[in-house]
Every structure is written in C-alpha cells, then in structure tokens.
Amino acid sequence: MKRQFSLFICMFFGFCFALWAQEIRQDIPTKITSDKMVYQSKVNKVIFEGNVYVWRQDFELWSDKLFVFFMGQRAGDRGHGTEDRKQVTEGKDQAQLQPGAGDIDKIVAEGHVRFLREGKRGECDRIIFDPETKVIRMEGSPRVMEGRNKICGKIIILNLKKNTSEVIGNSKQRVQAIFFTSPGLQEDGKIGR
C-alpha cells in the first residue's frame with residue numbers, strides 16, 4: 001500500500017511539473033486579437049475586450065478580457081510635451097507585442113479563460129501572470145488537464161522559474177486530482193514488458 005501511495009505521489013508531482021516544464025520564451029512575438037482595444041496611458045494599461053485571442057508559437061489563450069499593465073515611466077521620461085490620451089479602437093483589433101516593446105508589469109485575463117500549452121489545457125475565470133517572477137495564478141474554478149489526467153482546486157499557482165506548482169483548496173472547493181496510469185507501469189514505477 002505504501003508503495004502504491006508513493007507511486008501516486010510521484011506521478012502527481014510529475015504531472016504538475018510537466019505542465020509548465022519550459023519557461024515562456026521571450027524571444028518570440030505575441031499576437032493579440034480582440035473586438036476592441038483601449039489604451040490608458042495615465043495608468044500604463046491596455047485593455048483588450050471581446051473574443052480575445054492570444055497567439056504565440058508556444059501558447060494560445062482565449063478570454064473575454066485581457067489587461068496588459070506596463071511598468072511606470074521613469075522620471076526622465078515625463079513631461080516631454082506628450083498629452084495623456086485614451087485611444088479606443090473598434091472592430092477586430094490586432095496587437096503585436098515584440099520582445100523589448102515595453103516592460104510588462106503583469107497580464108490579467110478574465111472571463112471564460114482557456115489556454116493551450118504543450119498539449120496541456122487549462123480553464124478558469126481569471127489568470128494573473130507576472131513576467132518578472134514567472135508566476136501564473138489561476139483563480140475561479142481552475143483546472144488543468146492533460147489527456148484524461150486532471151487537477152483542480154480553488155487556486156492553482158504555477159512558478160515557471162522554480163518549476164513548481166501548488167494547488168490550493170478550501171472547505172468549499174477541495175483539491176481534486178484524477179490520474180490514469182499507463183498500462184505497462186508496475187507498482188515499483190518501472191515500465192513492464
């Protein structure tokens with residue numbers, strides 16, 4: 001029994017670590033498509049609304065809204081005669097974020113959030129990504145699936161830098177993990193013939 005439990009724990013953590021085994025690459029562009037885009041320069045924020053689709057070579061995301069927060073301006077960049085302006089664009093907008101296009105503070109996706117990455121799928125109500133710490137926080141009935149394997153809880157935190165994952169539950173929404181073993185996997189963890 002102890003051996004089976006150890007095998008289950010190894011498989012569980014192997015699945016969690018495999019979810020985000022590779023960091024999000026910074027050397028490839030990100031393309032964002034939406035029905036509407038609003039730029040708010042006073043707060044260094046861009047809001048994409050309606051049928052938001054984010055495409056990268058290594059990642060795809062869909063949501064109702066996407067907020068991109070940029071780092072604040074440096075003191076020397078202020079007061080050069082540029083007025084604050086709010087830019088609104090209607091219709092199918094596309095934005096191409098290139099490496100070095102600006103320092104992103106955080107990215108927040110809200111509403112019917114779905115993503116695909118390296119064969120893994122995830123769903124939740126809200127995702128917060130901090131590019132500096134490389135931490136992804138999934139909230140609102142988050143679940144991550146790979147094949148028939150599934151893990152869910154109240155909050156899922158994925159640290160790409162440290163290659164760790166944490167699933168947090170509470171009395172109303174407990175952590176649940178569903179895993180299927182390979183038919184050739186023996187109790188000792190070795191592949192059978």
Report the FRET efficiency, 1/(1 + (r/R0)^6), for LYS42 and THR181, where r is their Cβ-Cβ distance and R0 is 41 Å, rounded to 0.05.
-> 0.15
For GLU60, distant residues with modelled amide H under 5 Å away | LEU116
For LYS36, which sequence-distant residues (separation of 5 or more, or a different chain) have an amide H within less than 5 Å of its own amide H, given hydrogens modelled in the peptide plane?
-> GLU49, ASP93
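On a full-extension model of 0.36 nm per residue, what is the gain between LEU116 and SER141, subtracting their alpha-carbon distance, rounded to one decimal in nm?
The LEU116-SER141 span can extend by a further 7.3 nm.
Quick note: the coordinates plus some simple rules give every number you see, no bench work behind them. On a predicted model such as this, the values are computed, not experimentally measured, just so you know. Positions of Cβ are generated from backbone atoms using ideal geometry, with glycine treated the same way; all protein chains shown enter the neighbour counts.
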